[in-house]
Structure formats: structure tokens, C-alpha cells
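What follows draws every value from the coordinates through simple rules; no lab data is involved. Keep in mind the model is a prediction, meaning the values are calculated, not measured. Neighbour counts run over all protein chains shown; Cβ positions are idealised from the backbone, glycine included.
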Amino acid sequence: MVRVLKLELRGITKRFGTLLANDHIDVVVESGQIHCLLGENGAGKSTLMNVLYGLYEPTEGDILIDGKAVSFRGPGDAMAAGIGMVHQHFMLVPVFTVAENVALGAEPTKAAGFLNLDETRRRIREISDQYGFDVDPDAMVEDLPVGVQQRVEIIKALVRNAKVLILDEPTAVLTPQETDELLDIMRQLKAGGTSIVFISHKLREVKEVSDTITVIRRGKVVGSAEPTASTTELASMMVGRAVSLNLDKAPATPQEKTFEVRDLTVIAPNGQHVVDGLSFDIARGEILAIAGVQGNGQTELTEAILGLQERVSGSVTLDGKELLGRSVKDVLKAGVGFVPEDRKVDGLVGTFSVAENLVLDLYDKPPYAKGISMSPAKILENAKARIDEFDVRTPSAAAAAGTLSGGNQQKVVMARELSRPLRLFIASQPTRGVDVGSIEFLHRRIVAERDQGTPVMIISTELDEVMELADRIAVLYKGKLVGIVPAGTSRDVLGLMMAGIHPDEHAHSQPAGSRPAATSDHAEGVDHD
Amino acid sequence: MSTTVSSPRPGNPRPDNSAPDTGAAAVTAKPVTWKTPVLLAAFGLIALVFFGLLAPNKTASFGISTGEDFFQLPALDINAFAGGTVLSVLLLGLAAYAVFLKTKDRPAPGWLTVTFIVLFVAAFLLWVVGGARTPSISLAGLIAGSVTLAVPLVFGSLSGVLCERVGVVNIAIEGQLLGGAFTAAIVATMTQNPFIGLAAAAVAGAMVSMVLALFSIKYLVNQIIVGVVLNVLVSGVTGFLFSTVMQEDKARFNSPPGLDIIEIPVLSDVPIIGPILFRQSLVGYLMYIAVLVVWVGLFKTRWGLRVRAVGEHPQAADTLGINVNATRFWNVTLGGAVAGIGGSFFTLVAIDSFTKEISGGRGFIALAALIFGRWNPIGAFFAALLFGFADNLQSIVTIIGTPVPSQFMAMLPYLVTVLAVAGLVGKSRGPAASGIPYVKG
């Protein structure tokens, strides 16, 4: 039987300069358990795990394995002690094969340092067979789907005889189906004697798979919970106050369709059709959510509408006027409000003040500008109003936007975009990396914009968000529209659609486990278009 | 709201696999562009017009054996017009095949481009030699000379491979060559021992590299800027010492004993191959060994796997317990030593003393060879040979007298460089983390 170890973190404190990321955290991971660390983005979960994995040195505190204090000078020490980690962003070399990636750092060698990858291949097949991973040791990692890459990461840890496996936000990049498979794998690993530290902020998964839950907030352990605790209970522990998880929104009252997209195609520099013949429209007073796994053309779609993409064909009309081929400035002038997916890169100028960021799109127009001079008084006035309206927590309007928390940065972006009269509102990943409290607020604002009669387009890879906000849901897969379904469509169906399988087709092929065939048929159909 | 009841899939644990797999293949398949077929067709037409139809109706003679060879082969005599026409028709044939492949959405294979280049060069040679005042050159001499000129380039580009594979851009190859050349000259002269001079050159190259490594890895200064500054620095220091020390007392400081040519008995007398492989100086033999060692090292050993991982995805390497910055530091240092040895070739083998700027920009051509050779030691070796060939051809052709002005011929190596780097042989993809400093956390 495999030796199973008990892991204990005692009083772990980690300070980055003045920032206290972990404040005397105590966690005990019993052997053979799935232990969940639940907390919002920025609560300090990842920092804690990086300490455990030897990537950071703790400012204070001890790590105990089977009761003995250990100190890790690097990940090598942690691995030697039986700790493995699957990072949120995979640590795989894309141009290496699976075997090379697995071997790296602990390479079996023949004489004189020559690699013995056959040994690694054998181990990969062994583990692959044991857990039904279906991973080819000689496949190039960059050619593998994300779910399989994740399995490669797990194999990497298992080959090193990990007794404790840390999974850092493992479901962030997966489709709902892949997520279910991962949860299955986790149960199997547990049955095989591996303890798992599961880091997540997604309550559904946490409840489903954990044995114990430790909740972390602002770098502190605020309590532990049983997986039987209700979602609302867990959420309020995580956020520190009562939160309502369900958005009360009135049913949409769609009016005339003012935004139309026809045969929109975007060709990437490498010639690939990243957006492929999209057609849809959005009515005033309606939210259309674009769902899909990240990287299926969402970014390019929004950029094409904004005029940021070069090789675009088809047509995009707003109030009957063509938007394609016009400059970004013209598009904004036509009344398009846009919240980009990466606020730090595209949404804000981090070194500019909050006040300046709030007029980035209007700085050259009255009342903020007079001829060639700007009027700081007006800009400040505007900033104060927006900060109040959107409850932006900032030391002052003059603080650099980059110093605010993610949620507050997003509020600044949203406040700026919603401060103009809009004819179309596009928000890409409106709540990515935003605390639960702010999510609630931002969602309300989006719905309020809809209720004012603006057509709203939301792009989100978070299915929960899509299901919460949408009046209709369009699913993208490899740049194509899999279908548009009404709100209230089940998570399972949406999940399949996110894997490129159309619900009708799925309905036909549902019985008798014929899904594999249906899947591949469809995939071929897509590729040959 | 929960999907606890995930659909059971008896007998088939991974039913979704087929869809993502097919999809992934579609994503990674690079679209076939018209670039290669069009370029080939254009060059084919140029060959047909200039090297074929406009070629002089004269006989070009190519000597194959040198006087020293053990057995002699007769010279090749070819009519420039007929030969040029035949070759250019073949070239157009290859271009047509590439076009045909493109219409089937398939890329031109590597052998096609390589064959095309070889035939094109042959047609060019025929045309140049056929039109020369003395329409005769020694093919053996041309090729052996190319290898000689390529030696510093090969060492330089190997240095580049070692540095870029580990994630540091080495613009300072020029400085390392120059430093190696200078140090080899002065140390060999003062010790009267070329071998000590050779070792000193390696140390000098390594020291130039250590400065690059220190500033770019520890202090995160832009690697390109450090590299450029180092080139200027080494050029200034060696130039200063040359005019203040070396020229004052040439006998004491700048008349290094050279490294002798070592002939391997019998083998060195084989025509063409003999002089290239078995009639070299110690540095020349070291070059072949270095290419092989670096290639085997990079792709077959633990060291190489780690080096490549650090150059591609340093975070990944770090999380597996590999010390990224130490790996970078020592590989960059090693690269400098390799370039330093290349530099010693100038003063210990090619010429018998140091002069200002003796490396003459070859460090930059080595950089081009590295890219043309796709960051692969063997690729870089052949790319360097091609540049050496262009360099040598230019001087030989100028001697025999051609219809083309010598200034144009002097552009040849650089023209080849530009075409090569512009992606004549498809897009090359360097190590992903090359040029990006690694900061933990």
C-alpha cells in the first residue's frame, strides 16, 4: 500500500512588502482526503499553495509532514517530500512531447546524462491505463486539448510519487463536461490514496467533491465547513457578509432589433478563420450572452465589432448603420460601450488616475476639453459623481487606477463605459477576477442598462454568469455559432454545445451511449465547412 | 442547478475525446501560403532569363581535384548556355511542383527548397564562370575555401544557439569573436604557444558573455541593448589596445604562432571531401566536434532538455526544481567561450596577426545563420556554410573577372543573408522565452 502522509500548515504568514497575503494560516490536510480551500480571487489561496510548494518562502510559520517540520528551499524539495502541484496556468512546455514534459526535472538517464525517455513513456502508459487518462506519451503538448493537458500535469505529479496533489483552480479552463471528468479523476485519485488540496471559488464543484472545506478570506482562515453546507452559507463565509447569489431580474422586454451581425468572419494572421460566418442580432432591452470555452473566437468577435481587427468580412450594423470598416473612434461615437476582457491591458491606463481613466473616451470633448486644453475641474467633478454612483473603493479620485483591487478597477471601466448614452453595450468577461460582492453590483448595472432599452452583449466563459444574466445564449465553438438557445437551457446542454455539439444532434444521439460517434461526426462536419 | 449526476459512460471512459482532438488538429495546421511557390517561380524565371537564355555560349570549367589530391579527377566542362538552360528548366519544374502542391493545399517539402537552392547556385555558378575572362575555377578550392570562411560563423552561430535556446538573445557574438581574436593573438604571442592562445580566447569570449549574462539575467537590462553595448565596448577596447600596445611592439604582442593544418593521412587526399573534413586546423576540427556535441547535447541529454525548457517556458522549469537563472547564466557563458574559440580562428589560423575590427561583422552574419538554421546546431552549421560559400564565391569570382561589377558580387553574402532571414525556407520559430528575463513569482 502506498504510504499516505498527513500535511499540516501551522501559522503560515507571507508578506510581500507591506502586503499581507497570508496571515497565520492553519490548515490540516488529513491523508486520503479532498480538502478544499475556498476563497475569492486574491484571498491568498494561491500564495499559500506556492509557499507549500516551495516557490515562496514563508515569512513565518511551519510546514509539517507527518508531524515533522520541513523546510522547502524550492519546488524540488517539495516534490521530494511527496507534494505535487497542478498550476492554474499549466506549467507545460508547448513544443515538448508529453514524455519530455513529464520527464523534465526528474529525467531518467542512461550513462553520461543521456535521456532515457522509454522509461518515462512506460510510466505514462501505466498511469494513463490506471486512471483511464488516454494520453499518448509522444503527442506534442501544444496539439492537445486543454483537458488532456491537465491530465498531463496530473501525470507529472504522479510520476514523482506525489502523495498530496495541489490543484489550483483546475476547472477555470474546462468545459462543464471536462469539469465533471476532472471531479471523477479526483475521486479516483483519492481512492488510490492520494490526498488532494483543491483550490476553487466555484461553490458547486467544491460541494460536490470535497471532504473538508477551509474558507480563506483576505489572507486569513475564517472557518471551515462541511460540504453539506448550503451554497449561500459558503458564499457568505467567503465574502464576509450575506450575499444574494441570485440576481432578481425582471424578464426581458425585447423591442426592435437594432444590432445585427451577418456572416461575420475574422481571419487571423496565420490564415485561420477565428470567427467564422457568425450571424445573430440583439434587440433593444435584451441581453445576449456569448458562451464558450476561452479561445473560441470571443476576443476576435468583440474586437471585430470595435474595429480592432484587420481581416474582417461580413456586416455589422447598429441602428441600420454599418460598423465594419470604420475607425474605433467612429464606432464609439455610434454609441457602442465596450468593457474589454482584460481591464489591465485594454481597459485602463494603470498609471493614470481614476479620474483620468474615467474620461479616457471623452477627454477631447466638452465639457472635459476646451479647444486644446483640458479642464481638470470638470474631470474631477465627473470622477466624484461616478465614484459615488458605482461605489468605487479608492483612496481618492487622484489615485492611480492600477493600485485599486480588481473589482474596483472593473467598476471604473464599467462606470466610464456606461456614462455615455449608449446604443449598444458590450461587456467581455465583466466579472473576471472580481470579488463576489462586486459581481453582484456589476450584474445589477448590466441588467439596469438593459432595462433602459440598450441591446447588451455579454461575453463570458463562466457558465454561471451566462446563465444568470442572459435572456438568450449564443454558444461559440471554434469561431462558429453552435446555436442560440433561450435562457434557462440546462447546464448539461450548454456544456455539450461548448464542446461543439449541437443540442438537436445530441438529442438524436442521446440513447445507447452513441455519443462518441456523434461527436466525431460533428467535428468532421465543422472542419470541412 | 447541480450536475452531480454526471452521465455514466460504461465501457468508454473518454467519450468526448474525438471532438477536441480533431479540433486541435485543425487549429494547429498552419495554412499553406503562396509565398514559397511564388518565390520559387520568380527565382526560376530569373534563372531562365539570365542564367539560361542570356548565358554566354561558352564552356565553363570546374576543377574537382587539387594538385595535392591522391587521385585526380578530370575537370567538369559544361557549356554555360546549355547547362544554364537545363538547370533553369529544372528550377521552373520544381516551382511548378510547389504551385501544384499549393493548389492541393499542401506545403512544399523541405527537400524541394533545398534542391532548388542547390540547383539555383549551380546555374548561377555556370553563368558567372562561363562569362568570366578566365572561364575556369576550382570547385574543390571554392568549397574548401567556403568551409574556411565559415569556421568563425559556425562557432558564432553555435554560441547563438546555446544562448537563445536558454532564453537569452546574444547580440554580442560579434564582440565575443573579436575579443577571442584579440586575446588569442596577444596571449599566443606572449606565451609563444598557440594552444594557450586558443584557451585564452575561450576565456575571453566567456568573460564577454558573463557581462551579458550578469546584466540581462540579474539586473534585467534589455538583452539587445547590453549586447549592442558590449559589441561597441569590445571593439573600442581591442582597437585602443591594438593601436597603443600591439602596434608599438608587434614582435612582442602581435605575432602569434599559428595553429598548423593537421592532415589526416590518406583521407585528406580524397577529392573535395578530403580538404573539407581532413585537412583542417585544430580549430576546424573543433568546429565539427562542437556542432555534433551541441546537437547531441541539446536533443539527447538531460542537460539539453533542461536548457530547452528554460528557453521555452522558464516558469515550468522553475516549478520542476530547475534553477532557471543559473542555467541561463552558465549556458550564456558557455556560448561566449564557443564564440571566443571561433574568434581565435582569425588570428591563429586565417591571418597571422590581429588588426582592428578583424571580425568584420561576421558575428551578425552568425546571428542570421542561427535564425536561418532554425535555432538548430546542424541547421546553423549549414546556414553558416552557405554564407561562407557566398563570401568565398564573391572573392573568387572577382578574381576570375566577371561581367558583374565586383561591388555587386561583394553584396552577395549579405543578399543571401537578407533572403534567408526574410523566411525563404518558411517561417522559423525561435524559443518562446528568448529575450524575456525571468523574474520569479
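Just a few scattered comments:
- Residue mean of other protein chain beta carbons inside 10 Å, A:202-209: 2
- Shape class for region B:148-384, computed from the alpha carbon gyration tensor (a ≥ b ≥ c): oblate, with a/c not under 1.5 and a/b at or below b/c.
- Which of B:VAL270, B:GLN176, B:HIS313, positive extreme of dipole for chain B (C-beta unit charges): B:HIS313
- Peptide B:311-317 has a mean shielding of 6, counted as Cβ atoms of other protein chains within 10 Å of each residue's Cβ.
- P(r) tail fraction, region A:7-239 - alpha-carbon pairs more than 32 Å apart, %: 19 percent
- Highest mean packing first, where packing is the average number of other Cβ atoms within 10 Å per residue, the peptides B:348-355, B:219-226 line up as B:348-355, B:219-226.
- In the protein assembly as shown, taking the dipole from charged Cβ atoms about the Cα centre, the farthest positive-side position among B:PRO152, A:HIS273, A:LEU442 is held by B:PRO152.
- Considering all C-alpha pairs of region B:295-439, those separated by over 24 Å amount to 46%.
- Segment A:SER405..A:ALA385, full-extension length gain: 5.2 nm, with 0.36 nm per residue of separation and the alpha-carbon distance subtracted.
- Taking Lys and Arg as +1 and Asp and Glu as -1, the other residues whose beta-carbon sits under 13 Å from that of B:THR417 total 0.
- In the distance distribution for region A:181-292, Cα-Cα pairs more than 18 Å apart total 69 percent.
- As a rough footprinting exposure proxy, the listed residues A:PHE72, B:PHE50 were ranked by other beta carbons within 10 Å of their own, and the order from fewest upward is B:PHE50, A:PHE72.
- Cα shape, chain B, gyration tensor, a/c 1.5 rule: oblate
- Sites B:LEU233 and B:ALA326, calculated FRET efficiency, Cβ-Cβ separation with R0 25 Å, nearest 0.05: 0.50
- Residue mean of other protein chain beta carbons inside 10 Å, A:143-150: 4
- For region A:347-419, diffusion coefficient by Stokes-Einstein and Kirkwood Rh (Cα), 25 °C, 0.890 mPa s, µm²/s: 206 µm²/s
- Across region B:224-232, computed HN-Hα scalar couplings (Karplus, 6.51 cos²θ - 1.76 cosθ + 1.60, θ = phi - 60°) run 5, 5, 4, x, 5, 4, 4, 4, 5 Hz from first to last residue, x flagging Gly and Pro.
- Magnitude of the charge dipole, chain B, Cβ model with Lys/Arg +1 and Asp/Glu -1, debye to 20: 1360 debye
- Averaging Cα coordinates gives a centre for region B:218-235 and one for region B:379-399; these two points are 29 Å apart.
- Each residue, A:MET374 and A:THR228, gets one label point 7 Å from its Cα in the Cβ direction; the gap between the two is 5.9 nm.
- FRET efficiency estimate (nearest 0.05) - Cβ-Cβ, B:VAL418 to B:ASN222, R0 41 angstrom: 0.95
- Counted charge near A:MET85, where neighbours are those whose Cβ lies closer than 9 Å (Asp, Glu -1; Lys, Arg +1): -2
- Rounded D (µm²/s) - chain A, Kirkwood Rh over Cα pairs, Stokes-Einstein at 20 °C, 1.002 mPa s: 85 µm²/s
- Within the shell defined by Cβ-Cβ distances under 12 Å, the residues around A:ASP138 carry a net charge of -2, with Lys and Arg each +1 and Asp and Glu each -1.
- Cα-based shape type of region B:183-321, given that a ≥ b ≥ c are square roots of the gyration tensor eigenvalues and the cut on a/c is 1.5: oblate
- Neighbour-count ranking [beta-carbon atoms within 10 angstrom, fewest first] of A:GLU57, A:GLU40: A:GLU57, A:GLU40
- Label point distance in nm, A:ALA268-A:GLU310, each placed 7 Å from Cα along Cα→Cβ: 1.5 nm
- GNM flexibility winner over chain B from B:LEU320, B:LEU214, B:LEU92 (Cα, springs under 10 Å): B:LEU320
- Cα-based radius of gyration of the protein assembly as shown once divided by 2.2 N^0.38 Å, which approximates compact folds: 1.11
- Compared with the alpha-carbon gap, the fully stretched path from A:SER31 to A:LYS333 is longer by 102.7 nm at 0.36 nm per residue.
- Pairwise centroid distance, computed over Cα atoms, of region A:325-387 with region A:161-222, Å: 41 Å
- Sorted by Cβ neighbour density within 10 Å, fewest at the top, the residues B:GLU174, B:GLU312: B:GLU312, B:GLU174
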